[in-house]
Amino acid sequence: MNNIRVRVPQVADVDTAIRLYYSKTEIGNADIKKLFGNLGQARISKLKQLVISEMRERDTVRYNALCVNTEVAYDVWGINIDKLTAGRKKLQQLGLGG
């Protein structure tokens, strides 16, 4: 197995991250750009390769050859949807947006 090295960027917009997680079973390049901001094709490919490798380990079905499973992607990239959702809710309660 190849070791893929790539720095995972921060989520660009919490609302987008939450929306993608709950609305899409699989995400592709355009969704990944929305999630992290404007990334180059090489970096997106490396991020997807990390997920594809984990999908194989988990025996996760891949419905579209150009996309990766959203739930596995968030796990691999260290995006905790529960924390994002809770943080957004707290910001709204405090009147600080979100």
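Readers should treat all values here as calculations from the given coordinates under stated rules, not as data from a laboratory. Values in this document were obtained by computation on a predicted structure and should not be read as measured data. Every residue, glycine as well, gets a Cβ built from its backbone with ideal geometry; the counts of neighbours run over all protein chains shown.
Quick notes
- Cut-off 12 Å between beta-carbons: net charge of the residues surrounding residue 64, Lys and Arg +1, Asp and Glu -1: +1
- Each of the peptides 10-19, 83-92 was scored by the mean count of other Cβ atoms within 10 Å over its residues; in descending order, highest first, they stand as 10-19, 83-92.
- Sites residue 53 and residue 88 - FRET efficiency at Förster radius 35 Å, r taken between beta-carbons, to 0.05: 0.70
- Where Rh is the Kirkwood radius over Cα pairs, Rg/Rh for the chain: 1.00
- CD proxy at 222 nm, helix term only [per DSSP H run n ≥ 4: -39500 (n - 2.57); per residue of the chain; nearest 500]: -18000 deg cm²/dmol
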